[in-house]
Structure formats: C-alpha cells, structure tokens
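Q: One structure coming up, written as structure tokens, with questions to follow.
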Amino acid sequence: MLDRYEPAEFEPKWRKRWQEADLFAARIEEERPKFYVLDFFPYPSGAGLSVGHVRNYTITDVVSRLKRMQGYNVLHPMGFDAFGLPAENAAIKARRHPAAMIDEFAATYRRQMDLVGLSYDWSRSFKSSDPDYYRWTQWIFEVLYRRGLAYRKHADVNWCPKDKTALANEEVVGGLCERCGTPVEKRAIPQWFFKITEYAQRLLDDLDDLDWPEGIKQMQRNWIGRSEGVQFRMRLEWHAGDKTPVGAPAQSEAGDDELRRLEAEVRAEAAPDPAAEEKARQIASKFASASEDVLTGAGMSQALAEFDKWADQFEVKRADAPDTFEVFTTRIDTIFGMTFCVLAPEHPLVETIKRRVDPARRTEIETYQAMARAESDASRQSEDREKTGVFTGAYAVNPATGRTVPAWIADYVLMGYGTGAIMAVPAGDQRDFEFALKFGLPVAPIQEPDDEWLRANATSQSGDLLADYLAEPKNFKGAFVSKDRPLINAKEYTGMAFGEAATALGEWIEACGLGERKVQYRLRDWLISRQRYWGCPIPVVYGQDGEEFLVPEGQLPVELPDVDNYEPSDDGSSPLSRIPEFVNATTPDGRLGRRETDTMGGFACSSWYFLRFIDPRNDQAPWDKRLAAEWMPVDCYVGGAEHAVMHLLYARFWTKVLFDEGLVSVKEPFKTLRNQGQVLGHTPYRRPREGERLDVGEDGILISRDEASTLPTDDVTWKWVRMSKSKGNVVTPDEAVEQFGADALRLFELFIAPYDADVQWDSEGMSGTARFLGRALRFVSEFADGFDRDWRSKIVAKGGGVSGDVRRATHQAILKATEDIDRFAFNTYVSGLMICLNRLMELKRSATGHEDEATAFSEAVECLALLLAPGAPHVADEMWEGLGLEGFTLDARWPVADPELARDDTVTIAVQVNGKLRDTLGMHADADREAMEAAALSSEKIKAQLEGKTVRKVIVVPGKLVNVVAN
RNA sequence: GCCCGGUUGGCGGAAUGGUAGACGCAGCGGACUUAAAAUCCGUUGGCAGCAAUGCCGUGUGGGUUCGAGUCCCACACCGGGCACCA
C-alpha cells in the first residue's frame, strides 16, 4: 500500500481489477431494495468530456456507490443520445458519416468515464442510433399513433434557412434558431405531431408529488400554462364603413358596403352571360332603393333572404361563411368594458370579412396580413414593440350589452392560442389599453382604481383623480388590472368583484348557449418531424391517395439507409426523399406506397431510454414489463437545468402514455430530480474591431488564450462562461487526472461548491484534495501493520481517553458522511472526511499506546476507507487492500454510526449577555439548566458585563448556550 | 413585465433561529533541506490596542425575537427561465 497519493501508481490497477471482476454489473437479488440512479442521456460531442460533465457523473457515482454499499440493488447505466442535429451538423462539418463519428465520440466518452472510475454497468449501454434501439422508438411511435396521439397536419412551422430544417417552438429562442442564431422564417409543410396537449392536465397535476427542484416544477407549470376562463361566441354585424358610431345597438342599419359586395359578387359570377348581367343590375338597383328605407333590423335579413332567392336563379350562391367567432377570456367579469375585439391576422373569419367589406378595406386587410406573415418572429417578439393592426370594417356584438364593437385584426393576438380572437377590454388589460391608445379606440372604465394607483398613474395634477379617470381612462398611464375591486357599469353585476362576477357571467353565458367555461393551456402539441437524415425514421407509409399506414410491427425497424450524401436539400426535404429504394414501399394491403421521409426529433429517442436500460437486449419487446415494474421509477435523476422543460416534459408524457397502455407501472418516470450547477471556464474576450459583428447574446469577440496573451491586458476581458468546445475553455478530465489523479478530481468536483451552484473552475484547488488523499493514505498505511481486523470483538463499548475520542471522531464522521450524501451535500461530505482525518491525526499524536487505542484506530482506518469509497474509490480500495481486507470496498457494508458514541461528552457553552457573546464555558454535555445558568452567572467576564445591571431573564439552551438578559 | 435562484473574509465556501467564517485554496511565519520541491507545524474577517480586550461585520433599509446569515416586509444588484398566451 502506498503511503502517499501517487495516483498513476495505483488508480489504473484498481480500474482494471474492477473491470475484471465485472464489479459494476447491476444485480437483482431478492429481498434487497432497488435503487435506480441515472444521468441525463448525453450526446457525445467531439470535444469529449469536460470537468463540467464529470461533476454531474461524480455526483451520481457517489450516490450509486453509497446505495450499493448500503445493500441496494443498484442500476446505474450509461448510454448515448446519438441521433439528432448536433451529431448530424458535426458530421456535415467534418465531412464524415455520423454513425462512424458518433461511435468514435462515444468511445472517447467511455474512455474518459472509465478514467475517473465511474461505476457504470456498461453491459447495458446502447446508442439511440442503434437499430436495436430505434426499432422500439418506432414501436412506441406506433403505440402513440394507435392511441390517436400522433397525427399529421399541414402547418406553419419555424423554418431555419441555415440549418434547412423545421424547428420545434422550443428550439426557437427569441425568434432566432437556437443553434445557429439565424432568424427563423415560417413555412407550411405537413408535419407529424404528438398530442401532448391531451395530457396537459395530468402533466400539471402530477408535478405536485415529485421530488424535483421547485424552480423546475414551476417552469413546467408555466410552460403548460393552464388558465381558466370562458369561451363564448360573438356575432358579426355589418355597418356602413366607419360612420356608424361604436357602441350602436345591434341590428342597426345595413350599409353601402354590403350592397356593393352583393352587386360585385353577382357580376363576377355571371359576367359571361348578358342576361345575367341585366339581372345583376336589377338586383343592384332594387337594393339601392331599398337601402333608403327598409333595410333596418329585420329588414336586412329579409333582404338578404330575398337576394339568396334571386341569386339561386343565376346559380350564384351567397358566400357560405360563418359570421360568428369565438373568443376566450380569463376575465369574463370585464366583458362590459369591451370596446373592440381583435382577430389574429390568420383567423379564418378574416377571409369572410374581406369578402363583405368594401375593396379599399379589403386591400388594407390583405396588406396587413401579408406583413404579419412576412415578419419574422424575431421582430414580432422584439421588446416594447408598438402595437399594429387594422380595422376590418366589421363589427361584432357584445352579448352582454347588445351593442356593437369594431372588429380589428392585429398580430398581438396569436392564432395559436385560445381561439385566435379576443374581446378587448382596454380599461383592464395593458395590451388592449396600448392598442386603444394607439388607434384612438374608446376605453370604458370597469372598476374604480384605488387612490394609490390613481396617483401613480395620473398624467396631470387634479383635485379629483377618480372623476378624471371615470371621464377618460386614457389620460392615465396604463390599464388598471385588478381582481379585487368591485365592478362598475356592469348592469346587475355592478358591485361584484372578479370571483363572484366571473361565476355569475359564466353561468349566464352557458345558460344562453353562447359559450362555456373552459380551461385553456398554453402548451402546444409536440412537433416531431425533422427533415433530416440523422434521426429515427418515422414508421409510416403513404398510399396513393395519401392514406397513412403504420409499418407492421414485424417489419420494424425501418432502417436508416446508408447514404453518401446526408445533407438536407435546399428545398428542405429530407435526404431520405432522394433515395428511391427507401421511399418506394409497399402498403400493408400490398399496393405501391411512398415512405415517410421525415425523421423524429431527438427528444423522441430520449423520452424512453431510461426504460430500455432496464432490459437493453430484449428483442421481443422494448422491455420486460416485470423488470420495468421492478426498477421503475428512476430514484435519482441528475442533469443540467437546461432540459428543465423539453426533455423532462416529453419523457413524462411518454411515460404516461405507456402507463395507459399498460406497459409501465408508474405514472412518472423520475421520482427525484436534481440539477447540478454549471462549471464555468475562464474565457478571454476582446472588444469588436471596426466592421466586426457580435454574435447573438455576446458583447465581445471570443478569442483564444494564446491570442489573449499577445494582447495588452486592457484589451482583454475575462469572463466566466460555461465550458464548451466552441468557447475554447474546456478543461478535460484527462489533464486533471494526469496532473492530480482521478480521486483528487472526483473529490474536488464534490468539494468545490454545493452541487447545484455554478462554479468557476480553478484547477489549483485540486491540490487540496490531492494533499488530503495523500495524508489519508499515509495515516492508514501507518496503521496497516498494527491493524486488527477483529477489532469488532475487542472494542470497548464506550471508552474514555484517546480511544474514546477516536471512536467519537469515527462515528461522527460516519453520521455526517451518511447524512450529507443523502441530502446531496457532497461538499460537506468531503469536508467532513477532512475534519475526521485532521482529528484522527491529532489524536494519533497524543496516543499513549494503550491497547484500546489500537482497536479504536483499527475501527477508524477501516471506516475511513469505507467512508472515502463513494468519493475516492481508488484510494479506498488501495487502503482496503493495504489493511489486508479482501474484495472491494464497493462490496463491503457501509458503516452504521452509533449515535451514542458520536455524542460529545463535553461541549462549549456560549454565554451571551443581551444576545452578545461574552464568554464561552466548557461543560459536560449533560449539564442541566440550573448548572449552566449557575456557571454562566459565576463567570468573571459575565459578572463584569452585568455590573450595574439587573438580570431580568436567563435563557438556557441545554448543550448550547446561556443568554442573560439584563438592563 | 412575470416566475425562479443568488448576494457571507483575498478566493471557493460552512453554519436544524443559538459561539458567523467549518473545510479548503491563496498568503504570511517557522521546521526539515547545502538549496529547491515535497512534507510538517503555526497563523490569517476589519478597525483600535504592546496586550488583556473592545468595537464593527453575512448586498441595503425596516420589522419579529432573549437572540437573525437564517423568519417577515420593502429595495438594490447579479444569474437563469418565460415573455403580446387574452
């Protein structure tokens, strides 16, 4: 056994022995509880691992090793998320085939993981690009399809012109492509979606019971975005241009626009026929004269009915379009304050409106629609953007007041949420308020704001701000948003606050058949199609008429063909579409078909890998249900917070579907989730030179360390940024192990900060953990000769003197290590070991050579090796062997502390006067209150402090402190 | 704007409402050495003082409490997420 930490001399030996003993294979032994420890599924990048990745893997490794030693059946697997854009983009850049490249990268990962002694069961490893794996990804796709949860729709998608691929909403950041920063455009392509929205409520509800960071749960809740409200129907009314005053009663006059439209419609349809031309003129004149007198109220509908009759003779039909639309609101109580309504530019009703309004308006609407479509999400989402929109010429009837409000289109209303149309209540909604202000629309007060708000938002000095507000809310700075103030101008609902009014109005709407109370989610369906080569093929074949057929289960997997050129084509179709042997397929009924050429996005692959680890070589089923019931859920799942929403939500969704299908016994895949903090590297930047453009989100130009050393120090700005190959700031485990050793690296990763805090990497710190390991080895080796492996039978239950102190230090360390790992306090786990060793070394110096001491130290060194084992397994096994013990520490039992032995006999009591520390006293730990008080009051220092004061009260906390309150 | 985190010595950090700064890095002093490295011992929040000791001190301002880094309120700054979601 070495008496110093020379890692190169023994760490490789232990790794080899572990491997030869197949030490890390997961075993299922009856009567042992199970523990499933998992890391996020890594994409093996060409840069290899950084010490940042190793931090993640060390955490799970410590947990895994502890649980194993505590007698659990531990499953601790590792595999690779090989499919997807990062791999494909890297392959394209390197002009290599992604499969070969990924194999190489994964091998590097494996080598580096082995290098730091991670205890993965590699016999279970796989890559998501293995046909044996993605066969089952396709199989699960078919499960979703059969359950109606996979569907294809033609939809606008985010299109990245650089990556030439459609992006999921989650991959667009601020309107820019998440990966390359290119502004995203819109394109309509048929795409596959998973109906995750159907599970929105369950995904929300089941969050409550998960042991996850609150922040992550909150982010998922926000992402799902549940809101309760009312969806109701509004009817359009037609008015004469802008002349009709807003707020006119419904059923008002029909106007010229309507007549002109009818005339034009007939002319257009009947133009080739001179006779029809004549009839059209007759219609026009009839309606022209009618408009003078009869076309009010019921007269209008009568006239339209008559037109329909006439038109039938010419085989001309009135445009068959709805003239109602639905709106969703969470604030139905404010409906009396609706002064206009807004449709999304893409709303289907806009097409109807366009046909019915006068041509000038129609042009305006179309111009606006074109603008809204062309405008990228980037500018649409840019900050404090001015509201835009146009009046359509149409009016809608507010069902609560029976009065008309103008209908506008504006892009601040999104087609993708709710109904794509809103009732606008500018007095109570900031967005509507801004819109009203910009376009001169009226604002009707709905509540009386409180004085504080009035003062803060007034734009002028006035004696009676409330009167001013009620006269013209637009003179104030914004909308008054409140659920607490009673309503005004709200008919019989006046005086009610939000809760009461919303219930009453909801009931009223439902009673009228106008609509219903409804829950709306912000969550959108999961877009799965990628027009890319390097992904899991979607197992669908289309018939001649476009019918969809699932590829029969027996024919799975649909294998990704080997191709030479896997770059996407400029038209955006997958390279697979250029391979006739792939595309040409037979439908299950034996006809000629065309294979789907899109592949699935990478999140599909990572939504079930944790299940495959349970039974990775099964070729009859994705996994054995009994084994899944045995191992699931994952007990401890650790990874970066950047996957807070997407991966975790999708994996939860699939698990629920698989639960519904009876394939898994749990509704949630990950019982406990922890996010480790990022490891940041010191990274040099310089100011941009003339003509240089900054990358998205950067405020300097990234430079290399070499370049930084050539520049004047004033020109270089050092920043702490996440380690990545692209930033050139990666510290690899290889160099860390080379310089300090695997165990020093592991302990340092744990010690440097709480596991969830970001850390600024400084390799110098590793010298501390390396020194500690050296001291520990030396300490143990000095006891190796005198080590008594039968210490258990000789040990004195509760000795005094040095041996008692040794046992106390040992059992305190056991207690602390066990608790700390359990509560994820790895930094104090390591410091606890240091404290223990420091104490033992001190005690060794004061040892008297008594026989009890040898026994106590034997216990101490054996425990020290065991306590070190999860964090520093090489050193632990080296000690274990050095003490003449057999096997590996991983197979030994984790020590159990005796709290009685760990307890201190004497404690230091703090003595305070009025809460300020004035003295400390050493006392027996069992000293009672009276003894403590007496001791405190007899202290010279305390007496001095109490000079001239009267003791009012003495607070005694046994074993801790005495506080004398005096004045 | 909204939702989460965070702010403690020169640095990383520790501290179930009970002695703030454990443990480590860096620094300083010393031992060993011809010397250096390695190792070991000691020391290290600030101010005043020869010292004993005193005062100050956990982003800021209030509050609760015998007692607050810890709990409550308000604010500032930093980081992350969402962002016209009706």
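Q: Looking at (1) crowded, with 16+ Cβ neighbours inside 10 Å; (2) in contact with a His (Cβ under 9 Å, 6 or more places away or on another chain), which is the only condition A:Tyr43 fails?
A: (2) is the only condition that A:Tyr43 fails.
Q: I've got another one for you. Right, A:Phe826: modelled with pLDDT of 95 or more, out of contact with any strand residue (DSSP E or B) (no Cβ under 6 Å at 6 or more places or on another chain), within 10 Å of RNA strand B (Cβ to nearest atom) and of a type in the set (Phe, Trp, Tyr) or not?
A: yes
Q: Output the residues belonging to the range A:511-526 that are among the aliphatic types (A, V, I, L, M) and open to solvent by 70 Å² or more (accessible area, probe 1.4 Å).
A: Kept after step one, since they are among the aliphatic types (A, V, I, L, M), are these residues of the range A:511-526: A:511, A:514, A:519, A:523.
Across the range A:511-526, the qualifying residue is only A:Ala511.
Q: Being hydrophobic (A, V, I, L, M, F, W, C) and within 8 Å of RNA strand B (Cβ to nearest atom) is the filter here; which residues of the range A:904-914 pass it?
A: Scanning the range A:904-914 gives A:Val907, A:Ile909, A:Ala910.
Q: In the range A:666-700, which residue that is among the hydrophobic types (A, V, I, L, M, F, W, C) and either buried (at least 18 other Cβ atoms within 10 Å of the Cβ) or modelled with pLDDT under 80 (or both) is farthest from the chain's Cα centre (by Cα)?
A: Of all residues in the range A:666-700, those among the hydrophobic types (A, V, I, L, M, F, W, C) come to A:666, A:670, A:673, A:679-680, A:694, A:696.
Right, trim to either buried (at least 18 other Cβ atoms within 10 Å of the Cβ) or modelled with pLDDT under 80 (or both) and you get A:670, A:673, A:679-680, A:694, A:696.
On the way: A:Phe670: 14, A:Leu673: 12, A:Val679: 19, A:Leu680: 21, A:Leu694: 28, A:Val696: 22 Å.
Residue satisfying both the conditions and the ranking: A:Leu694.
Q: Would you mind telling me which numbered condition in (1) open to solvent by 10 Å² or more (accessible area, probe 1.4 Å); (2) modelled with pLDDT of 95 or more; (3) closer than 23 Å to A:Gln218 by Cα A:Val657 fails?
A: Going through (1) open to solvent by 10 Å² or more (accessible area, probe 1.4 Å); (2) modelled with pLDDT of 95 or more; (3) closer than 23 Å to A:Gln218 by Cα one by one, A:Val657 breaks only (1).
Q: Give me a count of the residues in the range A:497-521 that are within 24 Å of A:Gly225 (Cβ to Cβ) and among the small types (Gly, Ala, Ser).
A: Residues that pass the stated criteria total 5.
Q: Can you tell me which of A:Arg385, A:Arg355 is at pLDDT below 90 and away from RNA strand B (no atom under 16 Å from the Cβ)?
A: Matching residue, one of A:Arg385, A:Arg355: A:Arg355.
Q: Okay, moving on. Which number in (1) touching a residue at least 12 places away in the same chain (Cβ under 8 Å); (2) farther than 30 Å from A:Phe193 by Cα; (3) not in a helix (DSSP H, G or I) marks the one condition that A:Ala501 misses?
A: A:Ala501 satisfies every listed condition except (3).
Q: Restricting to the range A:844-886, and then to whatever is assigned to a helix (DSSP H, G or I), within 16 Å of RNA strand B (Cβ to nearest atom) and surrounded by fewer than 21 Cβ atoms within 10 Å (Cβ to Cβ), can you tell me which residue is modelled with the lowest pLDDT?
A: By that ranking, first place goes to A:Arg845.
Q: Something else now. For the range A:321-344: of the residues being part of a loop (DSSP other than H, G, I, E, B) and within 11 Å of RNA strand B (Cβ to nearest atom), which is farthest from A:Thr419 (Cα to Cα)? Reasoning before the result, please.
A: Our first condition is that a residue be part of a loop (DSSP other than H, G, I, E, B); within the range A:321-344, this holds for A:321-323, A:330-331, A:338-339, A:344.
Then drop every residue that is not within 11 Å of RNA strand B (Cβ to nearest atom), which leaves A:330-331, A:338, A:344.
Values: A:Thr330: 13, A:Arg331: 15, A:Met338: 17, A:Ala344: 9 Å.
The selected residue is A:Met338.
Q: Here is a further query. It is to be established whether one or more residues within the range A:437-455 are closer than 24 Å to A:Lys354 by Cβ, within 40 Å of the chain's Cα centre (by Cα) and within 13 Å of RNA strand B (Cβ to nearest atom).
A: Yes, the conditions are met somewhere in the range A:437-455.
Q: Out of A:Lys491, A:Lys483, A:Lys438, A:Lys477, report the one residue that is open to solvent by 10 Å² or more (accessible area, probe 1.4 Å), under 30 Å from A:Ala360 (Cα atoms) and not hydroxyl-bearing (Ser, Thr, Tyr).
A: A:Lys438
Q: Moving on. For the range A:5-24, which residues satisfy the criterion of being surrounded by fewer than 13 Cβ atoms within 10 Å (Cβ to Cβ) and modelled with pLDDT of 95 or more?
A: Residues satisfying the conditions are A:Lys16, A:Gln19, A:Glu20, A:Asp22.
Q: On to the next question. Which of the helices (runs of 4 or more DSSP H) contained wholly in the range A:605-723 include at least 3 residues that are within 30 Å of A:Phe35 (Cα to Cα) and within 16 Å of RNA strand B (Cβ to nearest atom)?
A: Result: A:646-660.
Q: Something else about it: Please work out if A:Phe772 is crowded, with 21+ Cβ neighbours inside 10 Å, closer than 21 Å to A:Leu868 by Cα and at pLDDT below 90.
A: In short, no.
Q: Scan the range A:926-967 residue by residue and report those that are at pLDDT 85 or above, of a type outside the set (Lys, Arg) and assigned to a loop (DSSP other than H, G, I, E, B).
A: Matches in the range A:926-967: A:Asp926, A:Ala927, A:Asp928, A:Ser939, A:Thr950, A:Pro958, A:Gly959.
Q: Within the range A:764-821, restricting attention to residues that are closer than 28 Å to A:Ile752 by Cα and among the polar types (S, T, N, Q), which residue is nearest to RNA strand B (Cβ to nearest atom)?
A: A:Ser767
Q: Taking the criterion of being closer than 19 Å to A:Gln676 by Cα and assigned to a loop (DSSP other than H, G, I, E, B), would at least one residue in the range A:50-63 satisfy it?
A: yes
Q: Scan the range A:370-384 and give yes if some residue there is open to solvent by 20 Å² or more (accessible area, probe 1.4 Å), in contact (Cβ under 8 Å) with a residue 24 or more places away in the chain, part of a loop (DSSP other than H, G, I, E, B) and more than 25 Å from A:Trp159 (Cα to Cα), otherwise no.
A: Within the range A:370-384 (the criterion being open to solvent by 20 Å² or more (accessible area, probe 1.4 Å), in contact (Cβ under 8 Å) with a residue 24 or more places away in the chain, part of a loop (DSSP other than H, G, I, E, B) and more than 25 Å from A:Trp159 (Cα to Cα)), the answer is no, since none of the residues qualifies.
Q: Of the residues A:Trp508, A:Trp534, which single one is crowded, with 21+ Cβ neighbours inside 10 Å and not in a strand (DSSP E or B)?
A: A:Trp534
Q: Additional query: Do the conditions hold for A:Leu576, that is, is it in contact with a Ser or Thr (Cβ under 7 Å, 6 or more places away or on another chain) and either in contact (Cβ under 8 Å) with a residue 24 or more places away in the chain or outside any helix (DSSP H, G or I) (or both)?
A: Working: in contact with a Ser or Thr (Cβ under 7 Å, 6 or more places away or on another chain): yes; either in contact (Cβ under 8 Å) with a residue 24 or more places away in the chain or outside any helix (DSSP H, G or I) (or both): yes.
Against the criterion (in contact with a Ser or Thr (Cβ under 7 Å, 6 or more places away or on another chain) and either in contact (Cβ under 8 Å) with a residue 24 or more places away in the chain or outside any helix (DSSP H, G or I) (or both)), A:Leu576 qualifies.
Q: Just to verify a result, which residue in the range A:920-948, among those that are over 29 Å from A:Asp805 (Cβ atoms) and touching a residue at least 24 places away in the same chain (Cβ under 8 Å), is nearest to RNA strand B (Cβ to nearest atom)?
A: The selected residue is A:Gln945.
Q: Looking only at strands (runs of 3 or more DSSP E) that fall completely inside the range A:389-456, which ones have 1 or more residues that are modelled with pLDDT under 90 and over 21 Å from A:Ala372 (Cα atoms)?
A: By residue number, A:390-398, A:403-409.
Q: Next question, about the same structure. Identify, by number, the condition in (1) open to solvent by less than 60 Å² (accessible area, probe 1.4 Å); (2) within 9 Å of RNA strand B (Cβ to nearest atom) that A:Leu917 doesn't meet.
A: With respect to (1) open to solvent by less than 60 Å² (accessible area, probe 1.4 Å); (2) within 9 Å of RNA strand B (Cβ to nearest atom), A:Leu917 is out only on (1).
Q: Ok, one more. Would you check if there is a residue in the range A:785-799 being open to solvent by 20 Å² or more (accessible area, probe 1.4 Å), touching a Leu at 6+ places or on another chain (Cβ under 7 Å), of a type outside the set (D, E, K, R) and more than 28 Å from A:Gly677 (Cβ to Cβ)?
A: yes
Q: Report, by residue number, each residue of the range A:739-760 that is out of contact with any Leu (no Cβ under 8 Å at 6 or more places or on another chain) and either free of Cβ contacts under 8 Å to residues at least 40 places away in the same chain or assigned to a loop (DSSP other than H, G, I, E, B) (or both).
A: Result: A:Gln739, A:Phe748, A:Ile752, A:Ala753, A:Pro754, A:Tyr755, A:Asp756, A:Ala757.
The values are calculated or read from the model by the stated rules, or taken from the named source; none is laboratory data. Bear in mind that the values here come from a model prediction, so they are computed numbers and not experimental data. So basically every Cβ, Gly included, is an ideal-geometry build from the backbone, and we count neighbours across all protein chains shown. Keep in mind that these areas ignore ligands, DNA and RNA; they rest on the heavy atoms of the full protein, side chains included. Shrake-Rupley method; radii C 1.70, N 1.55, O 1.52, S 1.80 Å.
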